[in-house]
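K.L.:
Dropping the structure in here first, questions after.
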Amino acid sequence: MTYWEKAVPLSWGIGMTKGDDPIYGANRCLITIDDQGAGPYLQVQFKDEEPGTGDATDMGYFCTHQDIDAFCNHLHHALKLAQEENQ
């Protein structure tokens, strides 16, 4: 088995507004798997690059329970992959 047979994504981009691109969109979230010796954890960073906002970081808005549930599903999936790879 080579190292290249299994790839694990270490980050995800999520568009935060309808139709927003997860990479280049003005409102997006970046979820990154990190490990500082205590096992995997998730770093979540929100970006708001709409004109006039001053490129605000760490700003995220959830308007419905459905949005919250969908976002949490992304977090659960990312952490599950990280924990499986760590074993």
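The values are calculated or read from the model by the stated rules, or taken from the named source; none is laboratory data. Remember, it's a predicted structure, so these values are computed and weren't measured experimentally. Glycine gets a Cβ as well: all are built from the backbone with ideal geometry, and neighbour counts include every protein chain shown.
K.L.:
If T53 satisfies every condition in (1) at pLDDT 75 or above; (2) more than 13 Å from the chain's Cα centre (by Cα); (3) in a loop (DSSP other than H, G, I, E, B) but one, which is the exception?
P.N.:
For T53, the exception is condition (1).
K.L.:
Also, quick follow-up: Would you check which residues across segment 1-33 are in contact (Cβ under 8 Å) with a residue 60 or more places away in the chain and surrounded by 13 or more Cβ atoms within 10 Å (Cβ to Cβ) and list them?
P.N.:
Those that are in contact (Cβ under 8 Å) with a residue 60 or more places away in the chain and surrounded by 13 or more Cβ atoms within 10 Å (Cβ to Cβ): W12, I14.
K.L.:
Follow-up. Residue by residue through segment 1-25, note down the ones that are hydrophobic (A, V, I, L, M, F, W, C), modelled with pLDDT of 80 or more and over 16 Å from H76 (Cβ atoms).
P.N.:
Let us first name the residues in segment 1-25 that are hydrophobic (A, V, I, L, M, F, W, C), namely 1, 4, 7-8, 10, 12, 14, 16, 23.
The next check asks that each one be modelled with pLDDT of 80 or more; those that pass are 10, 12, 14.
Of everything in segment 1-25, just one residue is hydrophobic (A, V, I, L, M, F, W, C), modelled with pLDDT of 80 or more and over 16 Å from H76 (Cβ atoms), namely L10.
K.L.:
Among what's in segment 1-50 and is over 13 Å from A82 (Cβ atoms) and among the polar types (S, T, N, Q), pick the residue that is nearest to the chain's Cα centre (by Cα).
P.N.:
Q45
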